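To start, the structure itself, in structure tokens.
The values are calculated or read from the model by the stated rules, or taken from the named source; none is laboratory data. Quantities reported herein were computed from a predicted structural model and do not represent experimental measurements. Methodologically, a virtual Cβ is constructed for each residue, glycine included, from the backbone with ideal geometry; neighbour enumeration extends over all protein chains shown.
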Amino acid sequence: MVGGVCIAAVFLFYLLSGFGLFTLVSLSGFSRAFSPIGATVAVVLGVISVLDVLRNRDEFILAIPPSKKEQIEHYISTATLPAAVAPGVFGGLFELPCTGGIYLAILGLMSRSYTLMEGLPYLILYNFIFVLPLILIVLVVAYGLSPERANAWRVRHRRTLRLIVGLAMIAIGVVIFSGWMR
């Protein structure tokens, strides 16, 4: 239940952020400019992620700061349903600068073709896919895998996961730049 509330908070935080950004992009009249800006940010952040993996250090540039992780862990440790909202919001707040490039690029693309109401189902779908890994992790832990084993797997594979995410961000940026998604 606590994990579900936390995930719902992340989902709602990103959905409301996307709603606000979509509105800003649409109303500004600069929706065509937001796609290349977002694509540039996605490529830059993707390159930083890939270089982070290649540096072979334990800490990553594009990560939640350790001081904020402690704050989030504090809220998680209280394990009450209302307290589960805080890590979702804080996690979203601290992750948005890292994930915002792709989000901005996609919102820019959406605003070219859709009104806010037409784009809303896509916004909801994007955010559902964004939290899907969290949902899967909570389900796996809820149905038997210990949190310690799940975390050990995450730590053991974090370089590979970061490399995949970095390459995906670069690919999305390149796709947007090349005009495949007009």
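Selection of segment 1-33 for residues being assigned to a helix (DSSP H, G or I) and farther than 29 Å from I135 by Cβ yields S26, L27, S28, S31, R32, A33. When every residue of segment 149-164 is checked against the conditions, at least one turns out to be under 26 Å from I48 (Cα atoms), in contact (Cβ under 8 Å) with a residue 24 or more places away in the chain and within 13 Å of the chain's Cα centre (by Cα). For segment 52-60, the condition of being surrounded by fewer than 16 Cβ atoms within 10 Å (Cβ to Cβ) and either at pLDDT 85 or above or in a helix (DSSP H, G or I) (or both) holds for at least one residue.
Among residues of segment 13-34 that are among the basic types (K, R), those with a beta-carbon under 8 Å from a residue that is part of a helix (DSSP H, G or I) and surrounded by fewer than 19 Cβ atoms within 10 Å (Cβ to Cβ) at least six positions away or on a different chain give the pairs R32/R112. Identification of helices (runs of 4 or more DSSP H) wholly contained in segment 67-182 with 2 or more residues that are surrounded by fewer than 16 Cβ atoms within 10 Å (Cβ to Cβ) and at pLDDT below 80 yields 85-113, 147-178.
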